[in-house]
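This report concerns only the one structure given below.
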Amino acid sequence: MSDSNKPLNFIEKIIEDDLSSGKITQIKTRFPPEPNGYLHIGHAKSICLNFGLAQKYAGTCNLRFDDTNPEKEEMEYVDSIKEDVRWLGFQWEGDVHYTSDYFDQLYQWALYLIKEGKAYVCDLNAEEMREYRGNLKEPGKNSPYRDRSIEENLTLFEKMRAGEFADGACSLRVKIDMAHPNMQMRDPVIYRIKHTPHHQTGDKWCIYPSYDYAHGQGDAIEGITHSICTLEFVEHRPLYEWFIENLPVPSKPHQYEFSRLNVNYSVTSKRKLKQLVDEGVVSGWDDPRMPTISGMRRRGYTPKSIRDFVDSTGVTKVDGVVDVSQLEFAVREDLNENAPRAMCVLDPLKVTVTNYPEDKLEEMTAPNHPQREDMGNRSLPFTQTLFIDKADFQETGNKKYKRLVLGKRVRLRNAYIIEADEAIKNDAGEIIEVKARIIENTVGKNPEDGIKAKGVIHWVSATNNVDCDVNLYDRLFTDIAPDAGGKDFMESVNPESLQKISGCKAEVNLATPRSDIPYQFEREGYFFLDSAIDLDAGDKLVFNRTIGLRDTWAK
C-alpha cells in the first residue's frame, strides 16, 4: 500500500471519500483476533490491511482481543498474537485492548435493552432454540418466553449474573424478528451462562456476551471509524448496525467486508490447525510446516516477504484461493536479494587434495552476496582435506553432469579448480573418499593449460568446519485443497513433509550464525537457524530449510 502509483482498492476509495467529505477527520481501525489459537496467513492479511490503512492515512489502529469465550482462550495465544503483530512490522495505538475491558458497560447496555423491551431471558435450550429458529426456507417462531415482562426479565438476568443458574439453563436474547430473512436477525443470543474463569477477569463473571453483541460496541467505545471484517461477516452486518442504532453508544462505526486470504495446499481453520498440534502431526503451532505466522517465522519467512505477498493478492469482495507458489515467490524474491551466502555440505564426501601440503591452511575470500558489495566478504579456510556433497561426484559422468568426475575438472566455489584422480571405496563398494589435485594458479582465474572446469560445486574444509543438522521441509499436504468438499484433511498429510539430516558440515562462519535472516546455502536453498535451539546451553546447530532455490512443485 506504499506504492503511490498502485490503483486504490475499494476500502481505500471509501476512506479517501470519507476524509475528503469531512465525514471523518482521522481514520481509526482495529485488529480484533480471538485468542483461541495462533494466527495464520489469513490473519496476516487482516493485520497488514488494518495497520497498513492506518499508516497510509495517518490514522491509528488498535489491537483488541475478542475474549468473550474463556473456555477456548489462553494467555499463550494472547502473547503469541502480540509477537506476531510486532514481527510483521506494526505497532498498535496505546495499550492493548480487550473486549473484557468493556464487560461492565456491555452488561449495563444489556439492562438498557431489557428496560426498553428489546431483550428477554429465554429458557429454551440449544436444541429447542434451533427448532424455533426455522431455516432459510421457513420462518422461525417466537420463543414462549419472548413476552416476559420487563421486571421479570430484569430479575432473571440479575440471577444469571449472580450465578444462580447452571450453564445453558437460559440466555439473554434481543427481540428483533423471528421471520427475518436474515437468520442472524432472528432474536440472537447476546449473553450465555458459562461458569468458567476468564484469563483477564478471573471469576468476576459467569455470563459472557456474544461476539455479535460485543464486537460493534467495542468498536463504538474505541471510536473505530472503519470496522473491517472478512466476507463471512456480511450477513452479520445488519445485526451490527441494529445494536449501534438501538444502544446509546458514543460513536457509530461502520462495518466493511473484504475477501479472506485462502491459500491452496493448506488449511487455515484454527480447529483443524489445533488438531494437527494435538495429534502430534506437527511439533506445535510454530512448526515450520504450519501456515501460522509463528511457523513461517521459525521457517525463515521474512516479514517483508509476507507483507509483499499479502499486497500482491489485492483487496476485493470476491472470495478465491491463492496459489501457495505466489507466497513462495515472494519469499524467494526477498531472500535472493537480502540473504547472505554460506556453504554447507548436507551429505559429506571426503576429498583429499594430494598435491596440497597437509599442514597448509589458505584463506579464500568469498563475497557474502554476489550482487551486494555493501554486505562485505568472508574468509573460507582451504585445507588438504575437504568435504563435498556425495551427489557432486561420479566415477563416470555424461554431458549433462556438470560436477566432479574421474579424470575431469570442477571448480570449488571461490577457490581452486580440482581434478579427480581416484575413488576410494569401502568393503561394501561405497565411495568414501576421492583423491584429487588442485590445478595451480586457478583461484579466481582459468587454468593456464586452457582446460576449463566443467562446473562449480560447494565445499568446506574437512578440518575447519561446523557440525550441524538440517531439517528439510516440504508442503504439509499433498492435496491442493485438503479440506474441500467435506474431505478429511488428515488423509492428505504429506508423509515426506519433513526430512531430518544429521552430520552436515557447514563453513566455520556459521559457528555464530545470524538469527534474524536466512542464509542461502549455495546450491542448496535458503536455511534459517531454528529458533527452538539454545546455543548458549550448548545445543547443536540446527537449520531449517526455508525454501528451495526454485519451485520444485512447478509443472
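The values are calculated or read from the model by the stated rules, or taken from the named source; none is laboratory data. In this text the structure is predicted, and so the values were computed from the model without any measurement. Reconstructed Cβ throughout: ideal geometry from the backbone, glycine too, with neighbour counts over all protein chains shown.
Tabulated values for the structure
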item: Single condition D147 does not satisfy, out of (1) farther than 21 Å from I207 by Cα; (2) acidic (D, E); (3) buried (at least 19 other Cβ atoms within 10 Å of the Cβ); result: (3)
item: Residue identified as over 20 Å from D516 (Cα atoms), outside any helix (DSSP H, G or I), in contact (Cβ under 8 Å) with a residue 24 or more places away in the chain and not hydroxyl-bearing (S, T, Y) among V310, V351; result: V351
item: Residue ID - surrounded by the fewest Cβ atoms within 10 Å (Cβ to Cβ), chosen from residues in the stretch 459-472 that are out of contact with any helix residue (DSSP H, G or I) (no Cβ under 8 Å at 6 or more places or on another chain) and outside any strand (DSSP E or B); result: T463
item: Those residues of the stretch 273-294 which are part of a loop (DSSP other than H, G, I, E, B) and among the β-branched types (V, I, T), in sequence order; result: V281, V282
item: Residue that is surrounded by the fewest Cβ atoms within 10 Å (Cβ to Cβ), among those in the stretch 1-58 that are hydroxyl-bearing (S, T, Y) and within 28 Å of E73 (Cα to Cα); result: S46
item: Residue check for G503: outside any loop (DSSP other than H, G, I, E, B) and either closer than 29 Å to K304 by Cβ or out of contact with any Asp or Glu (no Cβ under 6 Å at 6 or more places or on another chain) (or both); result: yes
item: Test: residue in the stretch 76-85 that is in contact (Cβ under 8 Å) with a residue 40 or more places away in the chain, touching a Leu at 6+ places or on another chain (Cβ under 8 Å) and among the aliphatic types (A, V, I, L, M); result: yes
item: Single match in F165, F157 (criterion: closer than 22 Å to D203 by Cβ and part of a helix (DSSP H, G or I)); result: F157
item: Subset of the stretch 479-500 that is of a type in the set (A, V, I, L, M) and assigned to a helix (DSSP H, G or I) - its residue that is nearest to Q275 (Cα to Cα); result: M490
item: Strands (runs of 3 or more DSSP E) contained entirely in the stretch 373-458, each with at least 1 residues that are modelled with pLDDT of 95 or more and in contact with a Phe, Trp or Tyr (Cβ under 6 Å, 6 or more places away or on another chain); result: 385-389, 409-412, 431-439
item: Hey, F387 aromatic (F, W, Y) and not assigned by TED's automatic domain parsing to the domain that holds F543 or not; result: yes
item: Single match in R475, R409 (criterion: surrounded by 15 or more Cβ atoms within 10 Å (Cβ to Cβ), of a type in the set (D, E, K, R), closer than 30 Å to H369 by Cβ and in contact with a helix residue (DSSP H, G or I) (Cβ under 9 Å, 6 or more places away or on another chain)); result: R475
item: Whichever residue in the stretch 261-287 is within 15 Å of P482 (Cβ to Cβ) and of a type in the set (V, I, T) and, among such residues, is surrounded by the most Cβ atoms within 10 Å (Cβ to Cβ); result: V267
item: Failed item, numbered, when D534 is tested on (1) in contact with a strand residue (DSSP E or B) (Cβ under 6 Å, 6 or more places away or on another chain); (2) at pLDDT below 95; result: (1)
item: Search result, residues across the stretch 537-546 that are crowded, with 20+ Cβ neighbours inside 10 Å and either modelled with pLDDT under 95 or charged (D, E, K, R) (or both); result: R545
item: Sole exception among (1) in contact (Cβ under 8 Å) with a residue 24 or more places away in the chain; (2) not assigned by TED's automatic domain parsing to the domain that holds P303 for Y526, by number; result: (2)
item: Complete set of residues in the stretch 106-154 that are touching a Leu at 6+ places or on another chain (Cβ under 6 Å), in a helix (DSSP H, G or I) and of a type in the set (V, I, T); result: I114
item: Scan of the stretch 1-48 for residues that are over 15 Å from the mean Cα position of the chain (by Cα) and part of a helix (DSSP H, G or I), ordered by number; result: F10, I11, E12, K13, I14, I15, E16, D17, D18, L19, S20, S21
item: Odd one out for R297, checked against (1) part of a helix (DSSP H, G or I); (2) over 15 Å from the mean Cα position of the chain (by Cα); (3) among the basic types (K, R); result: (2)
